[in-house]
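What follows is one structure encoded as structure tokens, with my remarks underneath.
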Amino acid sequence: MQHMIAIEDALHRVWLSRDAQGYVLHLGAQQWPVALDGTALRVAGAASPVTIAVDGDRVYVHIDGAAHELVYQSPIAFHAAEAGGPAEDMVRAPMPGSVIATPVTAGDSVAAGDTLIVIESMKLETAVKAPRDGVVETVNFAVGQSFERDALLVTLASQEG
Amino acid sequence: MSELPFRSVLVANRGEIAVRILRTVKALGLQGLVVYHAADRDSPAVRAADIAIEITGPTPVAAYLDGAQIVAKARAAGAGAIHPGYGFLSENAGFARAVAEAGIVFVGPTPEAIELMGDKVRARNFVAERGFPVAPSAIEDDDPASFNERARAVGAPLLIKPSAGGGGKGMRIVRDLAILDDEIVRARSEGQRYFGDGRLYVERYVERPRHIEVQVLGDAHGNVVHLFERECSIQRRFQKIIEESPSPGLTPDERTRICEVAAGIARAAGYRNAGTVEFIYGAGEFYFLEMNTRLQVEHPVTEEVTGLDLVAEQLRVAGGAPLGYGQEAVTSSGHAIELRLYAEDSTRDFAPTTGPVLIYRTPAGVRVDSGIVEGGRVTAAFDPMLAKVIVHGADRVEAIAKADKALADLVLLGCRTNAAFLRRLLADPDFASGDMHTGLIAEKPALAEDPPLDEDQMTRLLAAAALSLRTMRDAADAVPRLHAAMGGWRN
């Protein structure tokens, strides 16, 4: 079975199997015997010290003096993302921060490019704009509240039909 | 320390500096108290304190800025002294006054000194009038009607700053005088928003400047010493990220001069407690920039080269004791470097990052002042500085090597940090040769980029992930070996 793992923005198709000696990693046309024994990672016999933490679909690996984040893409999520969704209805936070102004409220009509919410992340002030014309359905944060990256800041009423 | 007139110290701060202050408080046999917002309930500062007192506010930051609430809680708890740390209420003269009026010792300078140095315009005039070097400038308050004309006369390049500013907020460099008027309008609106004060001043901008500051320490008996300089030229958006002492950019003569000027300014101001006089340095000239009337983030660099515990010195002089030593007794040995570990993504224009602290291991034998703890979470509620890594070596080359190894050995999983970026900075040839200026990072955008992973690294990362993911191991274990051996061909 193929699996998808993302490192930064690049997706990799990988597959793990077993043979008599242990696990085999399949990457493209290549195969390597691999093993993980505590903090020792072995790939084709060569060992590297590693520290690994798993949090849901995310795997964090410290190796060669640097930390990396890998994200397992479940097949369902992967196909849903490829098919596209009502992303234009949802205005998300480009970075973590806090709200400094909310010029619109639920029910307001807005035009593409209108400022929906003004956020501050450290010393940067950013006006988050409407991606299209529409009606504001919800504003999910009040002035002073903080949020994390990708938080749903404002929802526009969907334009079905 | 039996001469101290207080038996307990309340830390009105959070994060790594609260932990660091509590360490000395407890080492001196004093009781350590800390205030905390619920967002910091499980923080290392709360764990380190003998008594932790909850404070509330509309936001976590607002709670730590609520001086009246903190003084009331300190009083109720019977705290003998309050240490404000840095940021928050540390340079708030009203807070210092309220603490004193509540019969509690404020661990810091007098309210008058905070007010003098907190107003950049007054501070600059004070320093200039006493014959210390300041950059050519124009101050809006002198005559608001002619401000733009006088600013133009300072000449390009120039720097616009809010009078009430600090930490780089609202500062603008103008190289083309044609846009000066527009930039003044923008700086004014930023000053108004950040500090509630739109007054400005401009000064000559030194191209390729170095940021050099001098640690000073004064007591209530008129004694002032300097504790040598720190170079903090490695900055991004006016935020320091690597600090060191001694500065690799000063000649011995310049070093003596800048340190003596700093001590002279502190003496003229009747300064008590720990403070830092900041200078801009370029082409053999240095100008007074500002004085910070508090303990600095980067104070450990000075502690490493002088062997002094700055928090212990602060507590001693706040308690009324004389310094007890003169300038000749303060010596500097070896070379110290501090690296600020930030929750930020250098490849996304240093946007702050958040996440769980799944694993946090600090390197053995190296001083790491941490505000995070394994099992905690990095949120956007506070400043993104997570920890400071501080190394000391016999010389700069040894200190850089130790710093690089410490960063490589520090493991933080769950939240992206600037550790790899810091290592690239340490390896930069200009940094290594000591040829730096405050624009170095902006001048070298490639340093912010992660180099692409090679095939070997990619394979090992994917192997580590595949072997750690339950889903993938289970899928492999479920396939009989015979089929597994053929699987690659059938797929």
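The values are calculated or read from the model by the stated rules, or taken from the named source; none is laboratory data. None of the values given here were measured: they were computed from a predicted structure. With ideal geometry, Cβ positions are generated from the backbone for all residues, glycine too; neighbour counts draw on all protein chains shown.
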- Residues of region A:23-43 being farther than 18 Å from residue A:64 by Cβ and β-branched (Val, Ile, Thr), which ones? A:24
- Task: Name every residue in region B:407-449 that is within 10 Å of chain A (Cβ to nearest Cβ) and not in a loop (DSSP other than H, G, I, E, B), in order of residue number.
- Result: B:407, B:408, B:409, B:411, B:412, B:413, B:419, B:420, B:423
- Index of the failed condition, residue A:102 passing every other in (1) at pLDDT below 90; (2) surrounded by 15 or more Cβ atoms within 10 Å (Cβ to Cβ); (3) more than 10 Å from every other protein chain (Cβ to nearest Cβ): (1)
- Find the residue count for region A:20-61, including only residues that are surrounded by 14 or more Cβ atoms within 10 Å (Cβ to Cβ), facing chain B (nearest Cβ under 7 Å) and either under 20 Å from residue B:357 (Cα atoms) or touching a Lys or Arg at 6+ places or on another chain (Cβ under 7 Å) (or both). 12
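Please go through region A:10-19 and pick out each residue that is within 28 Å of the chain's Cα centre (by Cα) and either at the interface with chain B (Cβ under 9 Å from one of its Cβ atoms) or of a type in the set (A, V, I, L, M) (or both). Let's see the steps before the verdict.
Within region A:10-19, the first condition is being within 28 Å of the chain's Cα centre (by Cα), and the residues that meet it are A:10-17.
Of everything in region A:10-19, those that are within 28 Å of the chain's Cα centre (by Cα) and either at the interface with chain B (Cβ under 9 Å from one of its Cβ atoms) or of a type in the set (A, V, I, L, M) (or both) turn out to be A:10, A:11, A:12, A:14, A:15, A:16, A:17.
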- Positions within region B:347-396 being surrounded by 17 or more Cβ atoms within 10 Å (Cβ to Cβ), farther than 27 Å from residue B:34 by Cβ and within 14 Å of chain A (Cβ to nearest Cβ), in sequence order: B:350, B:351
- Taking only pairs six or more apart or across chains, which ones have beta-carbon atoms under 7 Å, a first residue in region B:76-102 that is charged (D, E, K, R), and a second residue that is buried (at least 21 other Cβ atoms within 10 Å of the Cβ) and part of a loop (DSSP other than H, G, I, E, B)? B:91/B:293; B:91/B:294
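Kindly provide the set of residues from region B:417-442 that are charged (D, E, K, R) and over 20 Å from the mean Cα position of the chain (by Cα), ordered by number.
Scanning region B:417-442 gives B:424, B:428, B:430, B:435.
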- Mind telling me which of the residues A:130, A:142 ends up being within 14 Å of chain B (Cβ to nearest Cβ), in contact with a Ser or Thr (Cβ under 9 Å, 6 or more places away or on another chain) and among the aliphatic types (A, V, I, L, M)? A:142
- Query: Does residue A:72 meet the test of being in contact (Cβ under 8 Å) with a residue 60 or more places away in the chain, farther than 25 Å from residue B:421 by Cβ, at the interface with chain B (Cβ under 9 Å from one of its Cβ atoms) and surrounded by 13 or more Cβ atoms within 10 Å (Cβ to Cβ)?
  - Reply: yes
- Residue ranges of strands (runs of 3 or more DSSP E) in region B:163-245 with at least 3 members farther than 24 Å from residue B:295 by Cβ: B:172-174, B:200-204
- Note on the structure: Among the residues of region B:21-76, the number that are in contact with a Ser or Thr (Cβ under 8 Å, 6 or more places away or on another chain) and small (Gly, Ala, Ser) is 4
- Message: Quick check on region A:7-19: of everything there that is part of a strand (DSSP E or B) and of a type in the set (D, E, K, R), which residue is surrounded by the fewest Cβ atoms within 10 Å (Cβ to Cβ)?
- Response: A:13
